[in-house]
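The values are calculated or read from the model by the stated rules, or taken from the named source; none is laboratory data. Owing to the predicted nature of the structure, the values given are computational and were not obtained by experimental measurement. All Cβ positions, glycine included, derive from the backbone under ideal geometry; neighbour counts span all protein chains shown.
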Amino acid sequence: MKPRILQFETPTPNEAVTYFGRELGFEVDPVDLAQDLAEGRTDGYVAAETRGAEAYARARIPGAIHLPYREITEDSTRDLDKNLVYVCYCESIHCNAATQGALRLSALGFTVKRLSGGITTWQNAGYPTDTAQLAPLRTLER
């Protein structure tokens, strides 16, 4: 009997390159985002917190805008720049607010990625967060 991990056909190396390359196109690693922010490389994207107002006020990635996924509509996003990539994040791998936000934004024509592990992974790695009173939704002028 074959081991369970070999019960399905294993992809060829070329198939694996295609699959994992596509997967990485949808995800952002917290290390990469933290390094870009630390080096001031913020052109072309913005972090987007997709949880509710209390979570956003409690802790957010520096510079992140607040886009609660339940409130993402054509009207609520009309002033956002469609030339940017929106890096959606939520609480953790146990939360799907980032996926919901990314789905809603992409359905409206925005380009999106999702932050792997959410703010929990971000904080566990020791990366900085902004915590203060709730900042209003802002539009981006770049």
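Selection of segment 42-64 for residues being over 18 Å from Gln100 (Cβ atoms), among the charged types (D, E, K, R) and surrounded by 12 or more Cβ atoms within 10 Å (Cβ to Cβ) yields only Arg58. Looking at this structure, is Leu67 in contact (Cβ under 8 Å) with a residue 60 or more places away in the chain and under 13 Å from the mean Cα position of the chain (by Cα)? The answer is yes for Leu67. Write out, first by first residue and then by second, each pair whose Cβ atoms fall under 9 Å of each other, whose residues are 6+ apart or on separate chains, and whose first residue, in segment 41-55, is more than 22 Å from Thr73 (Cβ to Cβ) and assigned to a loop (DSSP other than H, G, I, E, B) while the second is at pLDDT 95 or above and of a type in the set (S, T, N, Q). If the second residue must be at pLDDT 95 or above and of a type in the set (S, T, N, Q), the pairs left are Arg41/Gln35; Gly44/Asn83. Note on segment 1-37: residues that are surrounded by 10 or more Cβ atoms within 10 Å (Cβ to Cβ), of a type outside the set (Phe, Trp, Tyr) and in contact (Cβ under 8 Å) with a residue 24 or more places away in the chain amount to 8. Of all the listed residues (Leu67, Leu105), the sole one being out of contact with any helix residue (DSSP H, G or I) (no Cβ under 7 Å at 6 or more places or on another chain), at pLDDT 95 or above and crowded, with 16+ Cβ neighbours inside 10 Å is Leu105. If you go through segment 70-96 and keep only what is in contact with a strand residue (DSSP E or B) (Cβ under 8 Å, 6 or more places away or on another chain) and not in a loop (DSSP other than H, G, I, E, B), you end up with Val85, Tyr86, Val87, Cys88, Tyr89. If you take the residues in segment 70-93 that are under 14 Å from Thr121 (Cβ atoms) and among the aliphatic types (A, V, I, L, M), which one is farthest from the chain's Cα centre (by Cα)? The selected residue is Ile93.
A single member of Glu23, Glu54, Glu49 is under 26 Å from Gln123 (Cα atoms) and in contact with a strand residue (DSSP E or B) (Cβ under 6 Å, 6 or more places away or on another chain), and it is Glu49. Looking across Thr73, Thr121, Thr77, one residue alone is modelled with pLDDT of 95 or more, closer than 22 Å to Leu37 by Cα, of a type outside the set (A, V, I, L, M, F, W, C) and in contact with a helix residue (DSSP H, G or I) (Cβ under 9 Å, 6 or more places away or on another chain). It is Thr121.
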